[in-house]
1. Which number in (1) touching a Phe, Trp or Tyr at 6+ places or on another chain (Cβ under 6 Å); (2) crowded, with 19+ Cβ neighbours inside 10 Å; (3) at pLDDT below 90; (4) among the polar types (S, T, N, Q) marks the one condition that A:SER475 misses?
2. Please determine, by comparing only the residues of segment A:856-880 that are among the small types (Gly, Ala, Ser) and touching a Lys or Arg at 6+ places or on another chain (Cβ under 9 Å), which one is farthest from B:PHE48 (Cα to Cα).
3. Only residues that are modelled with pLDDT under 80 and more than 20 Å from A:TYR590 (Cα to Cα): list them for segment A:628-644, please.
4. Go through segment B:108-130 and give me each residue that's within 12 Å of another protein chain (Cβ to nearest Cβ), assigned to a strand (DSSP E or B) and among the basic types (Lys, Arg).
5. Condition (residue is part of a strand (DSSP E or B), in the same structural domain as A:ASN540 (by TED's automatic domain parsing) and under 30 Å from the mean Cα position of the chain (by Cα)) applied to segment A:598-610: is it met by at least one residue?
6. Just to be sure before I move on: is B:GLU37 more than 7 Å from every other protein chain (Cβ to nearest Cβ) and touching a residue at least 24 places away in the same chain (Cβ under 8 Å) in the structure I sent?
7. Search segment A:1013-1056 for residues being part of a strand (DSSP E or B) and surrounded by fewer than 17 Cβ atoms within 10 Å (Cβ to Cβ), and hand back the single one that is modelled with the lowest pLDDT.
8. May I ask you to list the residues in segment A:885-920 that are in contact with a Lys or Arg (Cβ under 8 Å, 6 or more places away or on another chain), crowded, with 21+ Cβ neighbours inside 10 Å and not in a strand (DSSP E or B)?
Amino acid sequence: MKKRYLHILFALLLASITLYGQQPVTVRGRVTDAVTREGLPGVTIIDIKSNKGLGVTDAQGNFTIKAEADRTLQFRYIGYKFETVKVSGTLMQVSLTAENKALKEAVVVGYQKRTKETVSGSVAVISGKDLQDVPVSNIQELLQGKVAGLNIQNNTGAPGFRGTISVRGISQLNISGSGDQAYLATNNPLLVIDNVPVDFDGGISQSMLQPGAATGPLALIPPEDVQSIEIMKDAQATALYGSRGANGVIVVTTRRGNSPTPVIDLNSSVFVNFPPKLRPTWGGNLERRYRINSILANSIDDYVARMKLSDEGAQFLTDSLNAFYNNSTDWQGLFYQTTTNTNNNLQISGGNLKMNYKANFAYQMNQGVLKNTGFNKYSLNLQLFMQPSKRLRIGAQLFSALGQKQRGNGGGLTGNGAGDAFTSSLLPGPSKFVGNPQLEGYNNNMDDNNTINVRGFLDVDYEIINNLRINSTTSYDYYTDTRDRFNQSFANNNQTGLYGFVGRHDELNTRNGVNYNFSSNRKDVEKGHNIYASVFSEINIKSDDQHVRDVRNGPNDFYWGPRGYSPRFYPGNPWNDKNGVNVNGTPVSYVYHAASWAGFLSYNFRTKYSVDLAYRLDGNSAAGINNPYTKNPSAGFRWNFSKENVMRRLSWLDYGSIRVTYGVNSRPTATILNSLGAYGIRKNYNNNTSIAPNFDVMANPAMEPEKSSQFNFGVDLGILKGRVEVIYDTYFKRNYNLVRDLFLPDATGYRKVQVNGGAVVNYGHELSVTARPIVHTNPKGLQWTVSVNGAMNKGVLTELPGGAQFYLQLDDYNESIALKVGRNPLGNFMYLTEGVYRSTDDVPVDPVRGVRYKAFLGSGIQYFQGGDPIWKDLNGDYNLGAADYVIMGNPDPLVTGGFNNTVSYRNFSLSVFCSYLIKRSIINNALSARIVRLQYADKLRAPDGSPSPGPVNIYDLSLIDYWRRNGDITKHPAIIGSFYHDAMVQPNRLDQSLYMEDGSYFKINQVTLAYQFRDFAFMKKLKLRLLRAYLTAYNVGIFSPYSGPNPETVTSLGRDDINGYPAASSFTFGIGAQF
Amino acid sequence: MLRWLLPVMFVLTGCYKELLPKEKDYFSNDAAFNGDEYMVNIGRTNVFIAKFNPNYSTQPLDFIIQQVVHRDGSPAPELLEQVDTWQWKKFYSGQEKTIAEIYDKRIRQKRPVLDIRPNSGDVIFWNTDSSRIKPGLYYFDILVKNNGGQKLFQRRKLYVKRPRPYEPYEFNDDTGERKKDEDGGILHPSLSGVKDDLNNNMNNTDVNVYFRKTGTESNTLTIKFFDKDSLPVKLSRFNLIKWDSLAYTSKITDGPIRFGFNRRMAADSSAVTYDIPNPFPVLADVGSTDERAFISFPYERIAFGSRTKASLAFTFGIFEPGSWEMIFKFKVNPRFKND
């Protein structure tokens, strides 16, 4: 409302000023956002008559220009309506309206820059501003909770690694690994950085233990250099990215120079990483007493108890006066450290629309909370953009980065920390004379992982005739990954380990096309027919080579070699490769070619009704020979209903539109192996070398690409003058033709064939609401923006190959995964725990056989007794067996989302970013494994062959509600019934629903308090345009009903692995300055 | 805002669900029984557990017995007749003090003779007498189903055999004929260190064991020993036997179980009589095939100046109710005296 008065005021002023002469005057003023009243930096001021740029605003939106009086000035800023005013005196206040900000926003869809109001696809935009103020090792972490439907779980805190990411549910069914190290195949979207498609993990699929450095491009981009990130969710938005976009597309755009005078941006911060919450543990005398009492109480008789206690392995318990065993060592704590780190970013940019440049240099030192782990990165991003003539545009970029990662003695994602060294607290901690292999490994091993990434592109765009442009973009992306590891013999089963990895990955991508732009009413697109059409072809050549040298049992810990083969270190040498563990060789080597053709047609009438049609054909060298091309058609429709005359009358409605899209994306999954089969040289036959097929996998030349069809319906709404903005999307996405193993009968001679057959549907709703409850006209007044987003996604398995209804992914560690049509795609397969037997009399009795319900199908006396869990006997045979397993739980969350708050008042601003997750099944294996090992109270380690081999330590049992005596009604069974009984029945076994918990959480990701220095005298002296100081707390807290320390740092299948890398919290103090 | 959004979400979710397959019960094609033969004896309860492998079919499965026929294809309704059965309501611990206490844990219930557990497919042939059911071969079908499918397992073979009143039993339960002597036609205990008058080791075959039913009023077991002249051997000869703690080990309850109840020793020590539950041991028929009672008669003597131990032992079960005598007959007289 006040804005209007201002306009009237301006008009009056202008009217009075026209009376004066036309000599140049110095005009000062400020350009602000009409809604938020914040100064707008970089607004271009143009003299309309001479069509000459007069200047731009500074960081606070202030400007000082020389203009002739009576001239008309136009203020232009992207995303805002042009404001045209006459020069009026020497002081001007201009406010730019952005009432259709959400619509006029430029987005890059299918490599084309378009205004959002004509895009029918579902595209979410994250401003680079929301990704600042917290130095993380991977920018992916910061996207969590910012976009509805983008599910990011930061399930590892390892610096330089990244968590899982998926757009609209899981679209893969393949699981690799077993037990707690089982991982779901990645659902990575395609990453496009400054219009260059790049592989998400630098070409390496990040699943579990990595051969290489596994540093992806998102870990190398400094957040300070990010202008915006767009998330493409539906088939229309991803159609033009072709087959690689089937899992969604993330488009990162880096900053561009836009200032006539060079601008130097410096951002520097110091941050401290704090160790996470440790797992609760009993130590010292408490541990000794528990162990001894347990041995006395739970041995079958006194004789056995005495034998256990008198065993030399139990000396650590009985010899309590021996100072060597009289400790309370906090093993977990020994592995962690508090680190102080820095993050620095320097950006120099400048130029105007005709030519601009940018150079960004970033350095981050990020030491992990686990000793000897960390990630240092250096990056340099150079960008040049030229427009020598109106018709020709040239853009070029060179990005180079070095990522240095240290993994200590862990794998990065698994095998970290105290996990395997988390032994009895009675043992002495490390000292000059005593060591612990795992800890020594962290202290002394070397595991350096270096990634060098160079990426350049050249983008040329030329307008041949009016409205017809040809463009060509060529990019080259090159990675070198090296890993150098040396394990000292003490930390590696008494033999040194030398491991070297070299990986080279490069990708050449060239895209050439023509696009045409037509508008029947050039002056105002809102009054005519508008057509946009483009045709392009894309060629992609990738190659990847990885080599591994693995040499063990070297002469000593100080000779880190030889790095090659010698007779002594030859892999065949039994002393070297004793257990066949060496992995020398070339695990990956390929060249991949792809050629694509794509066409795109967009038509809109008065920007009110728009139709998008896209088609892309992808062919690649790995496709099945019968189906070399994948087709990606898509169609979309958008209706901006607020532009209808009926709606224009509604004053509360700023904008409103409805989007409907449908499309199909394909993802090539055929490989030379599964489509053509493999042949190998076999033994001689008839004096000739014979070549025979590999009988493991039968060739399937009819292999088709995996496909994803998606329907999307969306509504965008802005009401109450920008106070409330709502985006709602609903989708139905079907991933089909998923490749599955089909095991063949022996008679075929082959073990299996890979066929298209799996299908998964994900459907759901996404809602984002942004509200500005308090908007003050004075920019220094109180401003409050709050946004909430949430996505509900349900996945359903709809098909398995051969019409099967059920598939069981058997696991060696009793952690099988069940796939059943009609259910969520992946389910746990476990016994259903329905409580705890209060006493032995409560155990059901087999009426025929006169014996109790038993834990084993077969002969034996594994009868349940009081204090044992009540496992549901599904088939009523009074024996617990395979038939009693139940499919339960869902490792994929039902609802994910975020909650963001920004409040500013005067020079202070406070941002709080939160994320949440509702309903996800987590299996607390870290707890169950520790309890089940208490059967070995007399030992330091549960032996191999026991249900859960590993070190024995005492969970803080006071935190568990467990059965102690007859009549107790508890959640947990008896910790130990008796050693004899538990060895047979395994009441605390891992494969039961008792340890499956709800992993819902609410997490405060980030709290930032910033102070903006304004109008200080020293700033002028130092020529500071902008100075800002901030304090950030990151990973502030997580609130969850889950019993483990963190429901997020679990594997993608929802298993809480004690060897995972915990998420650290950090505290940052930083300064941002602009000169 | 939510006023129009929530209905839209509900309607769309409903539409989506219509497009999706409903979760169905899974019935594995590979679900199968382990073998199609059921060998049963009349006069005891026969249980066949864990013969069915559902191969991860969705539970619960329903099992129905159909088409019970004689060998010639004529219906055999007698197998579906309801008979009195004992059903346990509390578990047998082996620690019971009296036979009544054991019996109190069971209740009478009517069940068809050929019975199947409705969800697990465990086949039970209840204890019935031979007046109802003739020994021979019968056939029956088992229909297994859940909502996802069904499978008919046809012509399961039910071999109904003659009763075996006690175990080991000297007669072939198919033909009723006595087995060959060396195949168990004559029962022998196991001997350890038992010597004859000439201090030669005696073999198992030097002692025969006979079971003799003497009445039907009560369930008792009397144990007697006779020498080669059929003169009673006093039980006091077995000087190491601990009559008060005589027990056998059960494989089912995992612990020693007292041997019989109410021990009564004849005045001249020529016989001992116990009250026994039927069957004896209690879970001899339903527990597992090797749940048997065990008794050992140890003694010691001085042989050539050194003390030597010897014993006779016998493992057995009694299925037919009544008063039974278990007679050990020495064909060669053992030496109990010191040298």
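1. (3)
2. Checking each candidate, the answer is A:GLY867.
3. none
4. Selection gives B:ARG108, B:ARG111.
5. yes
6. Answer is yes for this residue.
7. A:PHE1013
8. Passing the criteria: A:PRO891, A:ASP892, A:PRO893.
The values are calculated or read from the model by the stated rules, or taken from the named source; none is laboratory data. Predicted, not measured: the structure shown is a model, and the values here were computed from it. As a convention, Cβ positions derive from the backbone with ideal geometry for all residues, glycine included, and neighbour counts pool all protein chains shown.
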